[in-house]
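Worksheet: one structure, shown below.
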Amino acid sequence: MIRENSIKLSTSYAVASKVRDYSQLMKFNLTIMVVFSSVVGYLLVPGIGFNLVKVLTLFAGGLLVSGAANTINQLLEKETDKLMARTAVRPLPAGRMSETEAIILAVVTGVSGLVILALGFNLLCAGLSLLSLVLYGFVYTPWKKWNSLAVLVGAVPGALPLLIGWAGGANEIGNGGWALFAIQFLWQFPHFWAIAWIGHKDYTRAGFKLLPAGGEPNKLIALQAVLYTLLLIPAGLLPYYLGISGQSSAIIVLLVTLFFLYRAINLYRKADVPAARKLMFGSYIYLMIMQFALLFDKIG
């Protein structure tokens, strides 16, 4: 009896450990945020109502494709992940998972996700998802070691989730899809530069070149973050002018953009890690409030 219980406990622990490793490999927490953006983009399409089956289908397909992209990212960065304290505990650099197992996971999840999106929605939605996977996994990931333009390249797949969702509902991109893409594209720069500022020492140790203007945290980088945040003011009003959402959401988005801008200006003034951390958290607050505001104030 004792031995049976011991075997059951050991099996349960092994299963839980494997699930935790898969979750870490696919960056589950980040993937949830990415997939939520796709769902918001889908629900913002005029004439599209809430359909639980459709939302869950988009969620499942997006989760699998995004997870595959993150797995490819960690496969290619296995050696550099060993050099950073934050990433050294991941399954591949820590030796808890083989590269073969990770490759199989990436292929299975990526193909499954694309099939789900193609059958559940349309080929445009699946095609944009494939583009996002390729750009993030095979272009942005190696580019980080070449120069800081990697942030520009990475901003494209980073902004595609809203567009993917829109394409899933409308079966076209259109002005609405491009407007949503523009907002999240511009948001990527102050968001990611804040993260790169905070983790500068780790990134430098790994050979990543993610900060512009010489690669060192400085006021010029903070100024660029301010400028991109300023561009979010007109971009954030595009859904209102295009008739996607109403006046209330336009006011809310404007106010939260001003809050985001304040955080960016604060980084320019102080040029230190605490200010960069505030900007990073401010970027998450902006994204969440912006998406909810547009969604709950959708016209029609």
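Here are the numbers for this structure:
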quantity	calculated
Within segment 128-147, considering residues that are open to solvent by less than 40 Å² (accessible area, probe 1.4 Å) and not aromatic (Phe, Trp, Tyr), the one nearest to residue 177 (Cα to Cα)	128
Segment 219-275 - residue that is part of a loop (DSSP other than H, G, I, E, B) and either closer than 19 Å to residue 155 by Cβ or of a type outside the set (D, E, K, R) (or both) and, of those, nearest to the chain's Cα centre (by Cα)	244
Residue within segment 151-161 that is in contact (Cβ under 8 Å) with a residue 60 or more places away in the chain, over 19 Å from residue 231 (Cα atoms) and surrounded by 23 or more Cβ atoms within 10 Å (Cβ to Cβ) present	yes
Selection from segment 18-43 of residues that are more than 19 Å from the chain's Cα centre (by Cα) and in contact (Cβ under 8 Å) with a residue 60 or more places away in the chain	21
Condition check for residue 72: in contact with a Ser or Thr (Cβ under 9 Å, 6 or more places away or on another chain) and open to solvent by 10 Å² or more (accessible area, probe 1.4 Å)	yes
Single unsatisfied condition, residue 49 versus (1) out of contact with any Gly (no Cβ under 9 Å at 6 or more places or on another chain); (2) surrounded by fewer than 21 Cβ atoms within 10 Å (Cβ to Cβ); (3) in a helix (DSSP H, G or I)	(3)
Filtered residues of segment 250-284 (kept if surrounded by 20 or more Cβ atoms within 10 Å (Cβ to Cβ) and of a type in the set (Ser, Thr, Tyr))	257, 283
Evaluation of residue 119 against (1) without any contact (Cβ under 8 Å) to a residue 12 or more places away in the chain; (2) crowded, with 21+ Cβ neighbours inside 10 Å (one fails), failing number	(2)
Residue that is farthest from residue 288 (Cα to Cα), among those in segment 219-249 that are open to solvent by 40 Å² or more (accessible area, probe 1.4 Å) and not hydrophobic (A, V, I, L, M, F, W, C)	219
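Yes/no per residue for (1) among the small types (Gly, Ala, Ser); (2) out of contact with any Asp or Glu (no Cβ under 7 Å at 6 or more places or on another chain); (3) closer than 27 Å to residue 173 by Cα; (4) modelled with pLDDT of 85 or more:
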position	(1), (2), (3), (4)
11	no, yes, no, no
24	no, yes, no, yes
28	no, yes, no, no
36	no, yes, yes, yes
43	no, yes, yes, yes
73	no, yes, no, yes
85	yes, no, no, no
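The values are calculated or read from the model by the stated rules, or taken from the named source; none is laboratory data. For clarity, every value in this text was computed on a predicted model and none was experimentally measured. Cβ atoms come from the backbone with ideal geometry, glycine included; neighbour counts cover every protein chain shown. Heads up: the accessible areas ignore ligands, DNA and RNA and are worked out on the full protein's heavy atoms, side chains in. Shrake-Rupley method; radii C 1.70, N 1.55, O 1.52, S 1.80 Å.
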